[in-house]
1. Please give the contour-minus-distance gain from Arg172 to Leu127: 0.36 nm per residue of separation, less the Cα-Cα distance, rounded to one decimal in nm.
2. Using only helices, what value at 222 nm comes out for the chain when you add -39,500 (n - 2.57) per DSSP H run of length 4 or more and divide by the total residues, to the nearest 500 deg cm²/dmol?
3. Give the calculated FRET efficiency between Ala13 and Ala55 to the nearest 0.05, with a Förster radius of 25 Å applied to their Cβ-Cβ distance.
4. Extension gain Arg150-Ala42, at 0.36 nm per residue separation less the Cα-Cα distance, in nm?
5. When the expected Rg is taken as 2.2 N^0.38 Å, what fraction or multiple of it is the alpha-carbon Rg of the chain?
6. Taking a spot 7 Å from the Cα of Thr88 along the direction of its beta carbon, which residues of the range 33-57 have an amide N less than 16 Å from it?
7. Can you pull out the chymotrypsin sites (Phe, Trp or Tyr not before Pro) in the range 32-122 that DSSP calls coil and that have at most 16 other Cβ atoms within 10 Å?
8. What are the ³J(HN,Hα) couplings of the range 10-16, residue after residue, when phi is run through the Karplus curve with 6.51, -1.76, 1.60 and θ = phi - 60°? Round to Hz, x for glycine and proline.
Amino acid sequence: MLGIDYKDLQWAATGERLTAESFARYRRMGGAVILHMIPASAVDAAMASPFAMIASDGGLNNGKGHPRSSGTFARVLGHYVRETGALTLLEAIRKMSLMPAERLQERVPAMRNKGRIREGADADLTLFDPATVADASTYEEPARYSIGIRYVLVNGTVVVSGGKLRDVTPGRAVRAPIK
């Protein structure tokens, strides 16, 4: 249906590429599967499009999952901005912050305070070194921290300091009003 075969499926818990037999076995157990189906040319086209926003639908379960769960934004900044020049730094930041906030703000009014640096906006900021920022996550170790990200503030509270994660959780849920 999607033009993929069992070899394009990877069992997240072990990194094993699947066969019809292993897929059937794991399906009975339940768990996460990683799909290898997006060609590099499609990602390149998305990076080049002025209409494409950058986000991730990845998630980790006990440190296992897709590397995009922890590496999406650092990959964009390191690979697509610095290494290939597919995007400027400002274009990448806009695609990762302001564009998603603007897309959602009519339905979710709290998004008017996201993706912007101004008085009254939520202080959600990432301070990184453009010369070194890079994705360190892999399919084998998807929870590895990115390189070159020195500080992260969420709601004005430092959650990453000197590249080290702190034990704080200042985030707040952002939800659309119920109609």
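1. Values: separation 45, 0.36 × 45 = 16.20 nm, distance 2.04 nm.
Stretched out fully, the Arg172 to Leu127 stretch lengthens by 14.2 nm.
2. Details: 5 runs with 38 residues, N = 179.
Per the formula, -5500 deg cm²/dmol.
3. 0.50
4. On the way: separation 108, 0.36 × 108 = 38.88 nm, distance 3.08 nm.
Result: 35.8 nm gained on full extension.
5. 1.15
6. It comes to 48-51, nothing else.
7. Phe51
8. With the stated coefficients, the range 10-16 comes to 10, 6, 4, 5, 10, x, 5 Hz.
Only the coordinates and a few stated rules stand behind these numbers; no lab work does. As the structure is a prediction and not an experimental result, all values here were calculated from the model. Methodologically, a virtual Cβ is constructed for each residue, glycine included, from the backbone with ideal geometry; neighbour enumeration extends over all protein chains shown.
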